[in-house]
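Below is one structure, written out as structure tokens; the observations come after it.
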Amino acid sequence: RLYSVSTEGTVRMWNAATGQAASDVGKFAAAASWLGFTVDGSRLLVGTGAIKLNLNGAPATTISVAYSPDRKRIAEGQASGEIAIWDAGSRQNLAVLKGHSGAVGALAFSPDGSRIISGAADKTLRVWDAATYDPLLVMGDRDETIASVSFAPEGTRLYSVSTEGTVRVWEGGGK
């Protein structure tokens, strides 16, 4: 199954094998801008705009959020173009990743937790080492802002979706 959100506020489930829409899961009054599952996979989270995340007493305009597979870290994509990495238990800041020049609207950890992928309004996709927080790869998406990113289950392919609706598959994944 795949899930998508639309600017009309519709959350839709798709059959990944056939590419056909399976059902509409929900409808929001505002445009839905991001989605993700809770760490245990039991609930689908849908965002209808930027939120203020306040993990250390200094709120930032948060555009995207991703949990590491081991549930120990949170990656927070900010409007400033920075990515803050937090310890999920202590709420201590572990790192700030800099490289994007536009709002980071898409984040994901690789299935094994070794890499972080980010997509931003600067039209770049970046892969980071999740242990050292060093950049591994920078890829452009031509003239399109990246709205969503994910790793394939095996962790070597990356997927991105632009705000214009283009889906791209990227080989390599920074390994």
Answer rounded, prolate or oblate for segment 71-175, using the Cα gyration tensor with square roots of eigenvalues a ≥ b ≥ c: rounded when a/c is under 1.5, else prolate when a/b is larger than b/c, else oblate. oblate
Long-range amide H partners of Ala130 with built H, under 5 Å: Arg115, Ile116
Rounded percent of accessible protein surface that carbon and sulfur make up, segment 67-163, 1.4 Å probe: 47 percent
Ile85: net charge of surrounding residues, Cβ under 11 Å, Lys/Arg +1, Asp/Glu -1, itself excluded? -1
Area accessible to solvent at Lys123, 1.4 Å probe radius, in Å²: 70 Å²
Can you list the residues, at least 5 places off or on another chain, whose amide H is less than 5 Å from the amide H of Thr61, using H built in the peptide plane? Ala79
Could you work out the local net charge near Ala95, counting Lys and Arg as +1, Asp and Glu as -1, over the other residues with Cβ closer than 13 Å to its Cβ? -3
Exposure of Arg71 as accessible area (Å², to 10), given a probe of 1.4 Å and all protein chains: 130 Å²
The long-range amide H neighbours of Ala106, using H built 1.01 Å from N in the peptide plane and a cut-off of under 5 Å, are Gly119
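The values are calculated or read from the model by the stated rules, or taken from the named source; none is laboratory data. Since this is a predicted model, take the numbers as computed values, not measurements. Heads up, the Cβs are rebuilt from the backbone with ideal geometry, glycines too, and the neighbour counts pull from every protein chain shown. Remember, those area values only see protein heavy atoms, side chains included, never the ligands or the DNA or RNA. Shrake-Rupley method; radii C 1.70, N 1.55, O 1.52, S 1.80 Å.
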